[in-house]
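The next block holds one structure in the form of structure tokens; read it before the comments.
The values are calculated or read from the model by the stated rules, or taken from the named source; none is laboratory data. Predicted, not measured: the structure shown is a model, and the values here were computed from it. Backbone-built Cβ (ideal geometry, glycine too); neighbour counts: all protein chains shown.
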Amino acid sequence: MSAIKALYLIALSMLCFTASTTALASPCTMGESTGPRCFEPRLVPNFRVLLVAYGANMTTADVQRVEKLYKERFDLSTDGKIHLEVIDRIAVDLAPGTRDLTELRNKIKGTDSQRANDRLTRLWYYYNSDLHKITAEIQSELLKAGMKSALDAADAVLVLSGPQFEGIGIATGGYALTEQPSEIAWGLADGGATEINTDERLVDELLHEGGHLLGLDHTSQHCMDDKLSLKEREECCKTSPGAKDVMSYCRNRASVAGPNYFGYTACTKDYLEKVTLPALLNGGLRPFQEKACD
């Protein structure tokens, strides 16, 4: 075989491989966008996720440990009607880059050590990057880490996030982020505190934020009305049927420990079974509740 013919055959095989992999990619999965608007149809009602620890606070072994508890509680919370399928899991360092921490160092007390610099870097995201930039950054780092095939297969990317944002967890597009660790009240005179979340607490937040990606709104929203006083909110939560749902802000997250956790309750389970499950099986647009559960 001539050298020219050999090169031609290699080029042709590469072209065919590229065409086949392109055909396999779907706009409904995370490989093409940080916010896909549809589900790819499937034979079984599995919620396909990529679990990611973003930052230097967790290892892949830590992610695997959290994964085991998350799968267990997800399946229990959906009565086994929707299963959690973890496509892959990975721990990825923060994207390299120059971040000016001078202003933060002057603003936040107790920040004169290397450990403090790590903390300031996490807080830098809160002041200097919006959520869409964070998810785009994570997506880029995952692609660099060779996770394209996992992204192509996933419905969602669930992130244990070093970067801090407004709140303990948040969902946007196909991403659900849960802070690990959480920086608490860092604006106070004493600089606040760094809280390392337990596996149980992380799973509670993954159930909540992942629930949004499955179409669930918050439950007991009327109890969080800005017009209500703290006492009125507490009284409302006492009588709301959805107060102990994992999608509710009424739930006492401090009580999540050991075997005690919040799951999906009657109304959210009903939505997952009647709306989300068919959407997973049949494909098409990703649903979101038009009317939140009480």
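Structure data summary
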| item | result |
| --- | --- |
| Number of the condition not met by Glu234 [criteria: (1) surrounded by fewer than 19 Cβ atoms within 10 Å (Cβ to Cβ); (2) closer than 29 Å to Trp124 by Cα; (3) of a type in the set (D, E, K, R)] | (2) |
| Within segment 135-165, considering residues that are in a helix (DSSP H, G or I) and out of contact with any strand residue (DSSP E or B) (no Cβ under 8 Å at 6 or more places or on another chain), the one nearest to Gly55 (Cα to Cα) | Glu137 |
| Residue identified as hydrophobic (A, V, I, L, M, F, W, C), over 21 Å from Pro36 (Cα atoms) and out of contact with any Ser or Thr (no Cβ under 7 Å at 6 or more places or on another chain) among Leu277, Leu228, Leu285, Leu281 | Leu228 |
| Gly258 vs. criteria in contact with a strand residue (DSSP E or B) (Cβ under 8 Å, 6 or more places away or on another chain), more than 18 Å from His222 (Cβ to Cβ) and modelled with pLDDT under 95 | no |
| Segment 46-86, residues that are of a type in the set (Ser, Thr, Tyr) and in contact with a Leu (Cβ under 8 Å, 6 or more places away or on another chain) | Tyr54, Tyr70, Ser77, Thr78 |
| Exclusive hit being without any contact (Cβ under 8 Å) to a residue 12 or more places away in the chain, part of a helix (DSSP H, G or I) and over 18 Å from the mean Cα position of the chain (by Cα), set Arg115, Arg105, Arg119 | Arg115 |
| Condition broken by Leu43, with the remaining ones in (1) assigned to a helix (DSSP H, G or I); (2) surrounded by fewer than 14 Cβ atoms within 10 Å (Cβ to Cβ); (3) in contact with a Leu (Cβ under 9 Å, 6 or more places away or on another chain) satisfied | (1) |
| First in segment 35-51 and hydroxyl-bearing (Ser, Thr, Tyr), second anywhere and part of a strand (DSSP E or B), Cβ under 8 Å, 6 or more apart | none |
| Leading residue by the ranking (nearest to Leu285 (Cα to Cα)) among those in segment 198-244 that are touching a Gly at 6+ places or on another chain (Cβ under 6 Å) and hydroxyl-bearing (Ser, Thr, Tyr) | Thr219 |
| Set Leu277, Leu202, Leu207: member being surrounded by 21 or more Cβ atoms within 10 Å (Cβ to Cβ), closer than 18 Å to Lys81 by Cβ and either touching a strand residue (DSSP E or B) at 6+ places or on another chain (Cβ under 7 Å) or of a type in the set (A, V, I, L, M) (or both) | Leu207 |
| Residue that is farthest from the chain's Cα centre (by Cα), among those in segment 52-86 that are on the phi > 0 side of the Ramachandran plot and in contact (Cβ under 8 Å) with a residue 24 or more places away in the chain | Asp79 |
| Output for segment 166-180, where each listed residue is out of contact with any Ser or Thr (no Cβ under 7 Å at 6 or more places or on another chain) and part of a strand (DSSP E or B) | Gly167, Ile170, Ala171, Ala176 |
| Selection from segment 94-138 of residues that are touching a helix residue (DSSP H, G or I) at 6+ places or on another chain (Cβ under 8 Å), closer than 28 Å to Leu214 by Cα and of a type outside the set (Gly, Ala, Ser) | Leu94, Tyr125, Ile134 |
